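See below for the structure under consideration.
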């Protein structure tokens, strides 16, 4: 895929991995729409990206299908097409299963799993037209369970399974689908404040480079599931 002039829509794009991917795609000459629930965070991200008409900021809650339909419609209205979609929005709550609240469970399933489905469902007809690329941001927690992670594991195992099955459905339209499964990333996830203490972790721009590499892959080849982890976690 020649990336210059292509368009992308990234959910949860106001910070962290979503913002890092947006920056990488803009550097390749793409036009990028980012969405999020927090209007202020979106405005801050827009100033950081500073790419004028090549950036579109869209308030959207991925747990609401109508919001995602509206987001995709805005992208099409502005740029006339949609080439790449990254379902990146996610939340995490961690507690033993007997202490995990119903609200926390519902928020993770609705955001991480149903949100990915809503994003794809809203964009699938546009992706058919461009023979585009759909990606989800899962986690190594989508294949490695751990104590205190019942809800998060369930949501991310679901994202991996959903994306892999969707890949089989979509490739008949020449739409690629990949799930990216990072380990520890230096983001604001779960209340973290990124600093030098996170220098051993994967950086958001590393995931951005990975996305660029996936998009540049020859059309005949599809890395459908990509695990990525810090090289030396023992340095923390």
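Conditions (1) crowded, with 17+ Cβ neighbours inside 10 Å; (2) in contact with a strand residue (DSSP E or B) (Cβ under 9 Å, 6 or more places away or on another chain), marked per residue:
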{"site": "81", "(1), (2)": "no, yes"}
{"site": "104", "(1), (2)": "yes, no"}
{"site": "107", "(1), (2)": "yes, no"}
{"site": "111", "(1), (2)": "yes, no"}
{"site": "115", "(1), (2)": "yes, yes"}
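Please go through segment 2-13 and pick out each residue that is in contact with a helix residue (DSSP H, G or I) (Cβ under 7 Å, 6 or more places away or on another chain) and surrounded by fewer than 19 Cβ atoms within 10 Å (Cβ to Cβ). First the steps, then the outcome.
Taking segment 2-13 and keeping what is in contact with a helix residue (DSSP H, G or I) (Cβ under 7 Å, 6 or more places away or on another chain), we get 3, 7-13.
Answer for segment 2-13, where residues must be in contact with a helix residue (DSSP H, G or I) (Cβ under 7 Å, 6 or more places away or on another chain) and surrounded by fewer than 19 Cβ atoms within 10 Å (Cβ to Cβ): just 3.
Within segment 22-40, being buried (at least 19 other Cβ atoms within 10 Å of the Cβ) and farther than 12 Å from residue 8 by Cβ holds for one residue alone: 36.
Might you let me know whether segment 90-99 holds any residue that is within 29 Å of residue 29 (Cβ to Cβ) and either assigned to a loop (DSSP other than H, G, I, E, B) or more than 18 Å from the chain's Cα centre (by Cα) (or both)? So far as segment 90-99 goes, yes, one or more of its residues are within 29 Å of residue 29 (Cβ to Cβ) and either assigned to a loop (DSSP other than H, G, I, E, B) or more than 18 Å from the chain's Cα centre (by Cα) (or both). Checked against (1) at pLDDT 95 or above; (2) closer than 21 Å to residue 211 by Cα; (3) surrounded by 19 or more Cβ atoms within 10 Å (Cβ to Cβ); (4) touching a strand residue (DSSP E or B) at 6+ places or on another chain (Cβ under 8 Å), residue 16 meets all criteria but (1).
Taken across segment 23-30, residues that are in contact with a strand residue (DSSP E or B) (Cβ under 9 Å, 6 or more places away or on another chain), touching a residue at least 40 places away in the same chain (Cβ under 8 Å) and closer than 20 Å to residue 202 by Cα do occur, with at least one present.
The values are calculated or read from the model by the stated rules, or taken from the named source; none is laboratory data. Being a predicted model, the structure only gives us computed values, none of them experimental. Methodologically, a virtual Cβ is constructed for each residue, glycine included, from the backbone with ideal geometry; neighbour enumeration extends over all protein chains shown.
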